[in-house]
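A.B. asks: Below you'll find the structure I mean.
The values are calculated or read from the model by the stated rules, or taken from the named source; none is laboratory data. Predicted model, so just to flag it, every value in this text is computed and none were measured. Every residue, glycine among them, receives a Cβ derived from its backbone with ideal geometry; neighbour counts consider all protein chains shown.
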Amino acid sequence: MKVRGIPHENDSSFYPDCRDSPHSYSIRQDLCFGRAEDRYNAKKSQQCNSVTTLNVDDQYRDQRSVKRNMSGDKPSLFLGYDINDPRHLDPVREWQPHGRQTIKTLEWWYVNGLLYDAEKNPYFFVWAPLHMVGEKNLPPGTPNVLPGYRCVLAVVGFADYHNKLTINDTDVGFMNETNIWDPGRNELCFEIPSGLSMPPEHPADFTSKWSYDGKLMDLQVSSPHLSFNNLHFTGGQRVLYARDKRHKKEGLIQQGSRLDWSYYYSLPGLSVTGQIKYTDDNNKEHVIDVEGKAWVDRQWGDFTTVWWEWSCLLFDSGARADLYSFCNDYKVGSYQKDDGLTQWFDCFTLERHSYIPTPAGKWLSWGWTYEFEDVDIEGSRHYTLNPWSKKDVHDSFYSFFEGPSYLINDETGEQVGYAVTESMDILNMRNGPVAPRDKGLGLYPP
């Protein structure tokens with residue numbers, strides 16, 4: 001097997017590999033809980049859809065806002081969207097935040113990147129601000145949101161694999177809506193004022209500005225131990241819209257549950273240069289000039305489903321793939337060749353190799369093999385993702401793994417690129433190593 005980059009961490013004695021366990025077997029998602037839920041939902045689909053339409057139209061939606069913002073008339077602070085007339089603006093316009101449409105309105109901006117310094121030492125970063133606009137998506141214990149404010153959360157992650165250091169942190173609180181968006185620069189801003197953090201005594205740690213003009217993108221992030229200084233992205237004109245079997249609309253998907261839906265596009269072909277500054281465990285400051293590849297996701301809609309396994313595959317050939325596997329077994333897949341030709345599919349299976357614990361005592365899948373039933377992706381239907389590090393774990397409001405993997409073509413044994421994967425708490429995903437999800441036995445690693 002030809003593998004480039006850093007070696008795997010050799011600490012399997014502490015982290016159990018389920019393939020070596022006498023009680024383990026490979027879980028394939030098409031055998032799990034989601035089938036039972038889909039059968040139930042199929043019987044209720046007409047009733048559920050009619051109820052959803054009634055709720056959106058008659059109780060929650062601000063139709064005046066939707067018509068004003070989708071028509072291109074006088075600019076306003078937030079955009080609108082509509083499930084009954086699903087359409088989206090161009091990616092630059094949709095970079096702007098969206099207004100509350102229902103009690104489930106949620107949106108985020110997300111970027112990951114695999115970077116290298118002049119000595120070819122590898123680094124990984126993640127930045128993701130979320131706007132929890134609808135009441136159903138507010139964190140537990142959130143006080144009433146004052147008019148003109150919205151609840152915001154940001155996740156930052158960084159890994160220096162050469163020095164074996166990981167920094168993961170979260171900031172959450174409230175922002176005045178007038179300070180969220182700079183229309184002149186098409187720029188998203190993040191800064192929680194003092195006293196508006198959650199809890200209030202927690203210092204407001206993060207600041208960020210993130211602009212996008214359709215080709216170029218600039219990002220600045222500052223937190224107590226980590227800063228991204230003027231990360232500059234090119235290649236923003238390449239866009240990958242998701243599409244699923246239910247809606248069959250470019251840029252619109254069922255977000256897991258049949259009652260949840262999301263607009264979704266990615267910028268999968270970004271190159272990035274800039275500088276990262278961080279403070280290590282010995283309080284020593286490091287300043288690194290970096291360059292590499294990046295992937296951006298933009299999602300907004302009405303949903304409460306926030307449990308999934310997601311991977312983006314970045315091939316050396318320039319091709320890209322986006323794979324969403326939700327906790328109810330609903331799948332959305334997109335494959336875009338380097339020339340922009342795109343295919344959408346939902347028939348793929350996911351085998352999990354092992355499971356790792358988080359400091360908070362949660363368990364996450366770690367190491368994956370994808371098998372594609374109806375589509376050849378860069379000439380193969382079998383790919384394995386071998387993660388780099390078991391330390392790429394976030395443990396704040398949610399416990400999840402977020403990190404890079406070697407992308408291996410199983411038919412040739414060669415590394416053909418890299419991937420980034422999110423995996424989440426197996427109790428919510430119902431994908432533990434010994435309990436079929438449709439049985440709900442709750443038998444998970446000790």
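A.B. asks: Is it fair to say Tyr398 is surrounded by fewer than 19 Cβ atoms within 10 Å (Cβ to Cβ), modelled with pLDDT under 90 and under 27 Å from Asn163 (Cα atoms)?
C.D. replies: Yes; evaluated as a whole, the condition is true for this residue.
A.B. asks: Which of (1) under 14 Å from the mean Cα position of the chain (by Cα); (2) at pLDDT below 95 is the odd one out, the single condition Ala360 does not satisfy?
C.D. replies: Ala360 satisfies every listed condition except (1).
A.B. asks: Say whether the condition of being on the phi < 0 side of the Ramachandran plot, of a type in the set (A, V, I, L, M), in contact (Cβ under 8 Å) with a residue 60 or more places away in the chain and surrounded by 23 or more Cβ atoms within 10 Å (Cβ to Cβ) is met by at least one residue in region 329-336.
C.D. replies: Yes, region 329-336 has at least one match.
A.B. asks: Report yes if some residue within region 347-367 is without any contact (Cβ under 8 Å) to a residue 24 or more places away in the chain and farther than 18 Å from Gly417 by Cβ; otherwise report no.
C.D. replies: Yes.
So that you can scan it fast, the table gives a plain yes or no per residue for (1) in contact (Cβ under 8 Å) with a residue 24 or more places away in the chain; (2) in contact with a helix residue (DSSP H, G or I) (Cβ under 8 Å, 6 or more places away or on another chain); (3) assigned to a strand (DSSP E or B):
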{"site": "Phe174", "(1), (2), (3)": "yes, no, yes"}
{"site": "Thr178", "(1), (2), (3)": "yes, no, no"}
{"site": "Phe190", "(1), (2), (3)": "yes, no, yes"}
{"site": "Ser194", "(1), (2), (3)": "no, no, no"}
{"site": "Asp205", "(1), (2), (3)": "yes, no, no"}
{"site": "Lys215", "(1), (2), (3)": "no, no, no"}
{"site": "Phe228", "(1), (2), (3)": "yes, no, yes"}
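A.B. asks: Still on this structure, I have one more. Taking region 292-328 as the search range and keeping residues that are of a type in the set (S, T, N, Q) and not in a strand (DSSP E or B), which one is surrounded by the fewest Cβ atoms within 10 Å (Cβ to Cβ)?
C.D. replies: Checking each candidate, the answer is Ser317.
A.B. asks: Which of the residues belonging to region 401-423 are surrounded by 18 or more Cβ atoms within 10 Å (Cβ to Cβ), of a type in the set (Asp, Glu) and more than 15 Å from Ile167 (Cα to Cα)?
C.D. replies: Matches in region 401-423: Glu422 only.
A.B. asks: Take Thr166 and decide whether it is more than 23 Å from Thr305 (Cβ to Cβ) and either among the charged types (D, E, K, R) or assigned to a helix (DSSP H, G or I) (or both).
C.D. replies: no
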